[in-house]
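Undergrad: One structure, as structure tokens, below. Some questions next.
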Amino acid sequence: MKLAKIGEIFKSIQGEGIWQKKVQVFVRFFGCNLNCKFCDTKQNSYELMRVDQVIKNIDSLGSFHSLSLTGGEPLLQVDFIKDLAAILKRSGKIIYLETNGVLYKSLAKIIDSVDLISMDFKFPSSTGQLPFWDMHQKFIKIAKKTNLFAKAVIGKSTTMADLDKTVEIIKKNKPDLLLILQPENPDEHLLEKKLSDFKKKCINNSISVKIMSQLHRKIGIK
């Protein structure tokens with residue numbers, strides 16, 4: 001019997017990305033393999049749950065557009081997700097995966113069950129960690145088998161050099177990939193020029209790009 005560490009299950013609207021404002025049920029998996037300095041999802045507790053318990057919680061929340069598998073990093077518990085997704089797909093649920101775009105081997109196990117992937121580009125100048133460029137490239141090669149877009153958090157420390165590397169990866173691996181530049185909360189008002197410069201760089205390289213804030217932070221909901 002598989003068990004997963006579940007931080008919480010709740011219904012709200014999606015605050016980020018191309019499905020912003022869509023009503024979703026969020027299954028927040030506990031734990032992450034990264035420690036980004038801008039992370040706003042610090043978890044300190046979880047409940048061990050079986051697949052049937054997760055399904056029961058989801059069903060109790062009523063109707064919704066799609067189900068968000070989020071974290072932490074959900075792909076750390078991919079074998080549980082594989083079993084969960086099989087049941088959800090049979091009942092017609094739309095599955096949205098939010099991931100840091102690093103665990104490509106785990107993604108390969110569930111790629112056929114996922115309807116949309118929100119992948120992060122983890123800029124080392126933003127995260128304060130080592131670069132993950134090679135893993136991001138391998139992730140995209142698998143993720144592009146389904147619907148995919150990418151996000152990158154832009155903060156005061158983010159460098160143009162990291163954007164240049166991202167543009168290179170996109171052009172090489174998925175030229176039509178949408179890149180969303182997401183200003184780091186709460187510094188959004190200080191980042192207008194940087195975001196504008198970054199957007200121009202993408203456009204000049206024929207990269208599809210949007211600047212999008214975190215809606216749920218702006219309107220004060222979970």
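The values are calculated or read from the model by the stated rules, or taken from the named source; none is laboratory data. Here the structure is a predicted model, which means the values were calculated and not measured. Note that we place each Cβ from the backbone using ideal geometry, even for glycine, and neighbour counts take in every protein chain shown.
Undergrad: Answer yes or no as to whether residue 62 is at positive phi, in a loop (DSSP other than H, G, I, E, B) and modelled with pLDDT of 95 or more. Spell out how you get there, then give the answer.
TA: Numbers: at positive phi: yes; in a loop (DSSP other than H, G, I, E, B): yes; modelled with pLDDT of 95 or more: yes.
Yes: the conditions hold for residue 62.
Undergrad: Still on this structure, please answer the following. Within region 22-44, take every residue that is without any contact (Cβ under 8 Å) to a residue 24 or more places away in the chain and not charged (D, E, K, R) and give me the one that is farthest from residue 184 (Cα to Cα).
TA: Residues of region 22-44 without any contact (Cβ under 8 Å) to a residue 24 or more places away in the chain: 39, 42, 44.
Next, from what is left, pick out any that are not charged (D, E, K, R): 39, 44.
Working: 39: 10, 44: 22 Å.
Going through the qualifying residues, I end up with 44.
Undergrad: Could you run through region 170-196 and say how many residues are touching a helix residue (DSSP H, G or I) at 6+ places or on another chain (Cβ under 7 Å), surrounded by fewer than 18 Cβ atoms within 10 Å (Cβ to Cβ) and modelled with pLDDT of 95 or more?
TA: Initial filter on region 170-196 (touching a helix residue (DSSP H, G or I) at 6+ places or on another chain (Cβ under 7 Å)): 173-174, 177, 179, 181, 183, 185.
Next, from what is left, pick out any that are surrounded by fewer than 18 Cβ atoms within 10 Å (Cβ to Cβ): 173-174, 185.
Remaining after also requiring modelled with pLDDT of 95 or more: 173-174.
The number of residues fulfilling the criteria is 2.
Undergrad: Does residue 164 meet the test of being outside any helix (DSSP H, G or I), of a type in the set (Asp, Glu) and in contact (Cβ under 8 Å) with a residue 24 or more places away in the chain? Give the steps one after another, and end with the answer.
TA: On the way: outside any helix (DSSP H, G or I): no; of a type in the set (Asp, Glu): yes; in contact (Cβ under 8 Å) with a residue 24 or more places away in the chain: yes.
Taking the combined requirement at face value, the residue does not satisfy it.
Undergrad: Taking the condition outside any helix (DSSP H, G or I), closer than 21 Å to residue 179 by Cα and polar (S, T, N, Q), does residue 68 pass? Write out each step before concluding.
TA: Values: outside any helix (DSSP H, G or I): yes; closer than 21 Å to residue 179 by Cα: yes; polar (S, T, N, Q): yes.
Here the answer is yes, as residue 68 does meet what is asked.
Undergrad: Here are some conditions: (1) among the basic types (Lys, Arg); (2) in a helix (DSSP H, G or I); (3) at pLDDT below 95. Residue 2 meets all but one. Which one does it not meet?
TA: (2)
Undergrad: Now for a different question. Look through 151, 218, 144, 210 and report the one residue that is modelled with pLDDT under 95 and within 30 Å of residue 25 (Cα to Cα).
TA: 218
Undergrad: Out of 138, 151, 199, 145, which single residue is surrounded by fewer than 16 Cβ atoms within 10 Å (Cβ to Cβ), among the basic types (Lys, Arg) and out of contact with any Leu (no Cβ under 6 Å at 6 or more places or on another chain)? Show your work before the answer.
TA: Working: 138 fails: surrounded by fewer than 16 Cβ atoms within 10 Å (Cβ to Cβ); 151 fails: surrounded by fewer than 16 Cβ atoms within 10 Å (Cβ to Cβ); 199 fails: surrounded by fewer than 16 Cβ atoms within 10 Å (Cβ to Cβ).
That would be 145, the only listed residue that is surrounded by fewer than 16 Cβ atoms within 10 Å (Cβ to Cβ), among the basic types (Lys, Arg) and out of contact with any Leu (no Cβ under 6 Å at 6 or more places or on another chain).
Undergrad: Out of curiosity, is residue 16 of a type in the set (D, E, K, R) and part of a loop (DSSP other than H, G, I, E, B)? Don't jump to the end; show me each part of the working.
TA: On the way: of a type in the set (D, E, K, R): yes; part of a loop (DSSP other than H, G, I, E, B): yes.
Answer is yes for this residue.
Undergrad: Of all the residues that make up region 12-36, how many are at pLDDT below 95, in contact with a Leu (Cβ under 9 Å, 6 or more places away or on another chain) and of a type in the set (A, V, I, L, M, F, W, C)?
TA: 1
Undergrad: Given the criterion surrounded by 13 or more Cβ atoms within 10 Å (Cβ to Cβ), modelled with pLDDT of 95 or more, farther than 23 Å from residue 123 by Cα and out of contact with any strand residue (DSSP E or B) (no Cβ under 9 Å at 6 or more places or on another chain), identify the matching residue among 9, 55.
TA: Matching residue, one of 9, 55: 55.
Undergrad: Can you tell me which residues in region 58-102 are surrounded by fewer than 19 Cβ atoms within 10 Å (Cβ to Cβ) and within 19 Å of residue 150 (Cα to Cα)?
TA: 66, 94
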